Amino acid sequence: MNLFTYIKERLSIADVAREYVSFKKAGIYYKGTCPFHQEKDASFTISPHKGIFYCFGCHATGDVISFISQIEGCNQFEAAKLLIEKYSIDIPEQLLQEKKDSTTSLDEKNHYFALCELMAKWCNEQLPQSPQAMAYLTQRNITPATIKHFTIGYFPSGIKAIKQFQRFAHQHDFLIKDLTDARLLMEGKNCHYSSFEERIIFPITDHLGRCCGFGGRVFQKDDDRAKYYNSHENSFFNKGTLLFGLSQAKKAIQQSGKAFLVEGYTDCVIMAQSGYTNTIATLGTACTPQHLKQLSHYADQLYVLFDGDSAGLQAALRLTQLCWDVNISMWVIQLPTNEDPASYLKAGNDLGENIKKAEDIFSFFIRFSTQQFKHQTLKKKMAIVREILNIINAIDDDLKKMILLQEAAFKLGLPLEALTRECHHIHEQSTQKIVKIMVDKSNLHEGEKKLFILLIEKPYLLEREDIIIMSSAFSEPLKTIINKYRSLPQKSFTFLSEVLNDDEMQCAQRLLITHAQEQVNVEQVIREFAKRNWKSIALNTKEKIAEAQKRGDDQEVKILLQYLQELKKKVLNWSVQ
Ligand SMILES: [Zn+2]
């Protein structure tokens with residue numbers, strides 16, 4: 001038994017999932033709205049007996065560990081660790097040892113996090129010793145409590161500071177090489193230096209609160225370097241998935257179901273300080289689908305605050321393209337030109353008023369893309385209309401769709417019927433595409449799926465002579481799964497999951513939920529399968545006979561021939577029935 005199996009045997013997937021999804025009992029299953037895609041139906045299905053889930057909408061599937069890894073955006077080992085801690089599971093020493101041996105990469109990750117943690121602490125301790133850095137933060141209205149809450153710091157400049165940082169790291173068992181590997185220090189001609197020197201340091205944590213990188217901002221008036229310097233991307237620090245402030249804001253976001261998205265670190269900490277504790281920021285990059293997906297696990301409404309300049313506007317417009325992929329409704333809050341959330345709040349404005357006036361992102365998009373419509377060329381006009389219709393088309397809610405079509409028709413000065421017709425046309429084209437993909441995806445035959453489920457549910461059948469021959473006619477990956485299952489000393493689905501690869505596992509989980517039947521006629525399922533796959537069964541048997549003949553195993557040849565005759569008889573009888 002491995003660590004994952006041990007955890008799965010001790011936790012009920014329903015208990016764990018209940019913290020994220022609300023569901024109802026439906027027969028032997030639980031059903032609820034899927035946390036992985038936007039929907040109103042209850043496609044998310046849990047099989048408490050098998051300890052697995054499957055979504056009939058987005059086809060997400062897995063067990064309790066992969067559920068946590070998908071919803072918390074971490075790897076399986078981290079998910080296991082979270083579950084062990086959260087549910088206080090006692091793990092036998094031997095399993096922990098095995099885990100240690102197989103997870104050097106996890107150790108490497110923790111080592112990196114510990115190093116970042118250390119630098120955050122050191123910079124935070126340096127801050128009070130720099131009157132200029134303190135003066136800058138005071139001037140931006142950042143309070144000591146906020147400094148502490150976000151562990152804001154300062155990286156002093158000069159060789160003396162670098163040496164001091166190295167000594168500090170050394171006291172905590174880190175080497176200079178660790179610092180340069182993580183690119184917190186760089187190798188200069190004669191000595192080390194850091195690109196974070198003489199900057200205010202904003203430690204960046206992942207959603208689990210582990211420090212994994214830094215944003216450094218210049219603050220001296222005559223400093224003409226780039227305004228921001230961020231940690232280099234590495235396997236533990238990815239700007240496209242990380243959100244600044246998420247670990248601090250997570251609870252407030254979960255409680256309110258709402259999040260505010262801003263563009264900068266300062267905006268984020270000032271928002272939090274002003275009571276908007278559910279605020280996060282991107283790391284100086286555009287918002288990505290991964291950002292939104294992660295947010296959608298905690299919030300169902302996202303308020304985007306962007307600067308009143310055109311770059312801010314473009315960033316907000318781009319979001320329209322992303323938001324239908326996630327279960328989140330988006331609102332846009334536009335601030336006056338030349339204001340950002342920090343400056344706006346500092347000037348004593350009431351942001352609450354702007355929040356009340358927030359505009360639905362689709363209306364916002366239509367308003368902006370139609371602004372200059374009249375003066376465009378025909379080609380540009382067609383492109384604009386298509387873009388708007390594509391976006392409206394992707395909306396799930398029919399009423400919302402209709403209202404937006406009307407709004408678009410009005411603003412574009414085009415007849416509503418024409419837009420509606422075009423919208424239907426786009427819709428048909430896209431559904432045809434989806435149906436095609438779905439059909440291509442699974443070429444497994446129904447009878448094959450049924451027999452497969454039957455064998456998983458009733459492993460004693462696996463040893464039957466006719467089943468052994470028949471299961472050689474399975475398509476992949478069912479054939480491999482069944483072979484692996486047959487070779488297990490202890491035949492249960494939990495143990496099977498230990499020997500399957502990811503693709504095989506997903507296929508098995510999907511079939512177990514989509515094709516499970518409460519009552520089956522065993523012989524009928526076997527008969528149907530044999531009838532349909534008669535040709536390949538016969539061919540496989542003939543191949544085996546040929547092999548046995550080559551070996552000179554007359555006894556085996558005799559048995560197989562006899563078996564083939566019997567099977568033929570059976571199949572012939574079956575087909576007349
Ligand atoms: Zn789903």
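The values are calculated or read from the model by the stated rules, or taken from the named source; none is laboratory data. Values in this document were obtained by computation on a predicted structure and should not be read as measured data. Note: ideal-geometry Cβ built from the backbone for every residue, glycine included; neighbour counts use all protein chains shown. Remember, those area values only see protein heavy atoms, side chains included, never the ligands or the DNA or RNA. Shrake-Rupley method; radii C 1.70, N 1.55, O 1.52, S 1.80 Å.
Of the residues Thr279, Thr285, only one is β-branched (Val, Ile, Thr) and surrounded by fewer than 19 Cβ atoms within 10 Å (Cβ to Cβ); which?
Going through Thr279, Thr285 in turn, the sole match is Thr285.
Would you pick out the residues in segment 254-274 that are of a type in the set (Gly, Ala, Ser) and within 26 Å of Glu19 (Cα to Cα)?
Within segment 254-274, Ser256, Gly257, Ala259, Ala272 meet the criteria.
Just a yes or no: is a residue in segment 542-565 under 45 Å from the mean Cα position of the chain (by Cα) and over 23 Å from Ile65 (Cα atoms)?
The answer is no; no qualifying residue exists.
Please name all residue pairs, on different chains or six or more residues apart, with Cβ atoms under 6 Å, provided the first residue is in segment 381-400 and is under 17 Å from Arg421 (Cβ atoms) and the second residue is open to solvent by 20 Å² or more (accessible area, probe 1.4 Å) and modelled with pLDDT of 85 or more.
Sorted first by the residue in segment 381-400, then by its partner, the pairs are Leu389/Glu422.
Scan segment 1-15 residue by residue and report those that are closer than 25 Å to Asp300 by Cα and either within 16 Å of the ligand (Cβ to nearest atom) or small (Gly, Ala, Ser) (or both).
Answer for segment 1-15, where residues must be closer than 25 Å to Asp300 by Cα and either within 16 Å of the ligand (Cβ to nearest atom) or small (Gly, Ala, Ser) (or both): Ile13, Ala14.
If Lys86 satisfies every condition in (1) at pLDDT 80 or above; (2) within 23 Å of Gly209 (Cβ to Cβ); (3) open to solvent by less than 10 Å² (accessible area, probe 1.4 Å) but one, which is the exception?
Going through (1) at pLDDT 80 or above; (2) within 23 Å of Gly209 (Cβ to Cβ); (3) open to solvent by less than 10 Å² (accessible area, probe 1.4 Å) one by one, Lys86 breaks only (3).
I'd like the full set of residues that are surrounded by 12 or more Cβ atoms within 10 Å (Cβ to Cβ) and within 17 Å of Arg527 (Cα to Cα), limited to segment 542-569.
Residues satisfying the conditions are Tyr563, Leu564, Glu566, Leu567, Lys568.
Among the residues of segment 16-30, are any hydroxyl-bearing (Ser, Thr, Tyr), within 16 Å of the ligand (Cβ to nearest atom), within 27 Å of Gln255 (Cβ to Cβ) and surrounded by fewer than 19 Cβ atoms within 10 Å (Cβ to Cβ)?
Yes, because at least one residue in segment 16-30 is hydroxyl-bearing (Ser, Thr, Tyr), within 16 Å of the ligand (Cβ to nearest atom), within 27 Å of Gln255 (Cβ to Cβ) and surrounded by fewer than 19 Cβ atoms within 10 Å (Cβ to Cβ).
Of the residues that sit in segment 41-51 and are within 12 Å of the ligand (Cβ to nearest atom) and open to solvent by 40 Å² or more (accessible area, probe 1.4 Å), which one is nearest to Lys491 (Cα to Cα)?
Here the answer is Ala42.
What pairs can you find where one residue is in segment 445-468 and in the same structural domain as Asn483 (by TED's automatic domain parsing), the other is of a type in the set (Asp, Glu) and surrounded by fewer than 18 Cβ atoms within 10 Å (Cβ to Cβ), and their Cβ atoms are less than 9 Å apart, with a gap of 6+ or different chains?
These pairs meet every condition: Asp466/Glu566.
Please enumerate the residues belonging to segment 174-205 that are surrounded by fewer than 14 Cβ atoms within 10 Å (Cβ to Cβ) and assigned to a loop (DSSP other than H, G, I, E, B).
Within segment 174-205, Leu175, Gly188, Lys189, Asn190, Cys191 qualify.
Can you confirm whether Gly257 is under 20 Å from the mean Cα position of the chain (by Cα) and modelled with pLDDT of 95 or more?
no
Take Asp502 and decide whether it is modelled with pLDDT under 80 and not assigned by TED's automatic domain parsing to the domain that holds Tyr54.
no
Which pairs do you get when a residue that is more than 14 Å from Ile366 (Cβ to Cβ), found in segment 403-424, comes within reach of a residue that is in a helix (DSSP H, G or I), reach meaning Cβ atoms under 7 angstrom, with the pair 6+ apart or on two chains?
Once the first residue is more than 14 Å from Ile366 (Cβ to Cβ) and sits in segment 403-424, its partners that are in a helix (DSSP H, G or I) give Pro415/Ala409; Thr420/Leu405; Glu422/Leu389.
Just wondering, is there one or more residues in segment 74-85 that are part of a loop (DSSP other than H, G, I, E, B) and within 16 Å of the ligand (Cβ to nearest atom)?
Within segment 74-85, not a single residue is part of a loop (DSSP other than H, G, I, E, B) and within 16 Å of the ligand (Cβ to nearest atom).
Using the structure shown, decide if Ala311 is open to solvent by less than 30 Å² (accessible area, probe 1.4 Å) and either among the aliphatic types (A, V, I, L, M) or not assigned by TED's automatic domain parsing to the domain that holds Asn141 (or both).
no
Based on this model, can you work out whether Thr61 counts as near the ligand (Cβ under 10 Å from one of its atoms) and either surrounded by 18 or more Cβ atoms within 10 Å (Cβ to Cβ) or modelled with pLDDT under 90 (or both)?
yes
Given the criterion under 24 Å from Thr61 (Cα atoms), in the same structural domain as Pro459 (by TED's automatic domain parsing) and either modelled with pLDDT of 80 or more or not in a helix (DSSP H, G or I) (or both), identify the matching residue among Ile481, Ile545.
Ile481
Pairs please, first residue from segment 29-58 and more than 16 Å from Glu19 (Cα to Cα) and in the same structural domain as Met330 (by TED's automatic domain parsing), second anywhere and open to solvent by less than 30 Å² (accessible area, probe 1.4 Å) and within 8 Å of the ligand (Cβ to nearest atom), Cβ atoms under 6 Å, 6+ apart in sequence or on different chains.
Taking only residues 6 or more apart or on different chains, not a single pair turns up.
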